[in-house]
Amino acid sequence: EAGVTQFPSHSVIEKGQTVTLRCDPISGHDNLYWYRRVMGKEIKFLLHFVKESKQDESGMPNNRFLAERTGGTYSTLKVQPAELEDSGVYFCASSQVGTGSPLGDGYTFGSGTRLTVV
Amino acid sequence: AQSVTQLDSQVPVFEEAPVELRCNYSSSVSVYLFWYVQYPNQGLQLLLKYLSGSTLVKGINGFEAEFNKSQTSFHLRKPSVHISDTAEYFCAVSPPGGYQKVTFGTGTKLQVIP
């Protein structure tokens with residue numbers, strides 16, 4: 001079974017440019033999450049999709065961030081225009097069952113995209 | 001609101017020695033608790049989780065954690081570490097219910113010294 005795939009693995013862009021991160025969840029996983037870790041700090045929740053619908057986007061920093069999930073499959077996270085403080089590692093995770101289900105192992109995380117804004 | 005505190009940002013330990021990584025949480029409601037590990041250049045992997053029941057939880061790779069409600073702690077332990085345990089470890093909490101967002105701590109880097 002393929003895991004959660006994120007690309008690119010690294011991206012370096014200039015302030016003011018646009019970047020799009022992509023996440024391919026495990027096939028069949030309805031739940032897809034985006035998280036971000038700014039250097040040395042905690043991993044923070046950004047948003048949660050259930051299929052193609054945004055279930056919770058309370059963690060999105062501002063309107064420069066736009067997340068979509070086409071047809072309930074892969075998801076993209078666009079940052080436009082990028083600012084210096086957007087630098088960090090963006091993680092995607094997917095799950096079929098809830099994190100608290102004894103049946104599942106919670107989230108499966110991707111390896112992350114390291115975004116550097118210069 | 002929930003929060004997680006991992007006081008130790010780095011923990012060096014000699015190979016085959018025991019280790020404890022500390023985690024304290026704050027929540028006004030009952031919680032689910034998790035430990036995740038991130039090996040270099042990889043995603044986060046679930047080590048173990050506490051949902052209910054026995055307060056001593058055993059996970060993969062010989063790790064275990066004990067839930068202490070009175071001290072609001074969920075410390076991670078391993079009796080004898082290996083070089084391969086060198087990684088960053090994250091404690092996390094979520095409200096019960098399954099699909100709630102997870103709140104992570106700042107992580108603890110475990111460095112196993114040969």
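The values are calculated or read from the model by the stated rules, or taken from the named source; none is laboratory data. Everything numeric here is computed off the predicted structure, so don't read it as measured data. Neighbour counts run over all protein chains shown; Cβ positions are idealised from the backbone, glycine included. Surface areas here come from the heavy atoms of the whole protein model, side chains and all, with no ligands, DNA or RNA. Shrake-Rupley method; radii C 1.70, N 1.55, O 1.52, S 1.80 Å.
Hey, could you check the stretch B:99-113 for residues that are buried (at least 19 other Cβ atoms within 10 Å of the Cβ) and of a type outside the set (Val, Ile, Thr) and say which is nearest to B:Tyr39 (Cα to Cα)? Selected residue: B:Leu110.
Somewhere in the stretch A:83-95, is a residue of a type in the set (D, E, K, R) and in contact (Cβ under 8 Å) with a residue 40 or more places away in the chain?
Within the stretch A:83-95 (the criterion being of a type in the set (D, E, K, R) and in contact (Cβ under 8 Å) with a residue 40 or more places away in the chain), the answer is yes, since at least one residue qualifies.
For B:Phe74, the conditions (1) within 14 Å of the chain's Cα centre (by Cα); (2) loosely packed, with under 12 Cβ neighbours inside 10 Å all hold with the exception of (2).
Against the test of being more than 16 Å from B:Asp8 (Cα to Cα) and either touching a residue at least 40 places away in the same chain (Cβ under 8 Å) or within 14 Å of chain A (Cβ to nearest Cβ) (or both), the options B:Val37, B:Val112, B:Val19, B:Val81 yield a single qualifying residue, B:Val81.
Inside the stretch B:39-48, can you point out the residues that are open to solvent by 20 Å² or more (accessible area, probe 1.4 Å) and either within 19 Å of B:Pro96 (Cβ to Cβ) or modelled with pLDDT under 90 (or both)?
The answer is B:Pro40, B:Asn41, B:Gln42, B:Gln45, B:Leu46.
The residue that is surrounded by the fewest Cβ atoms within 10 Å (Cβ to Cβ), among those in the stretch B:49-71 that are farther than 15 Å from B:Glu16 by Cβ and small (Gly, Ala, Ser), is B:Ser70. Those strands (runs of 3 or more DSSP E) of the stretch A:24-101 in which 2 or more residues are more than 14 Å from chain B (Cβ to nearest Cβ) and at pLDDT 95 or above occupy A:65-69, A:75-79.
The requirement of being free of Cβ contacts under 8 Å to residues at least 24 places away in the same chain and either part of a strand (DSSP E or B) or farther than 24 Å from B:Ala17 by Cα (or both) is satisfied by B:Lys49.
Count of the stretch B:12-38 residues, restricted to those that are modelled with pLDDT of 95 or more, more than 21 Å from A:Phe91 (Cβ to Cβ) and of a type in the set (A, V, I, L, M), is 3.
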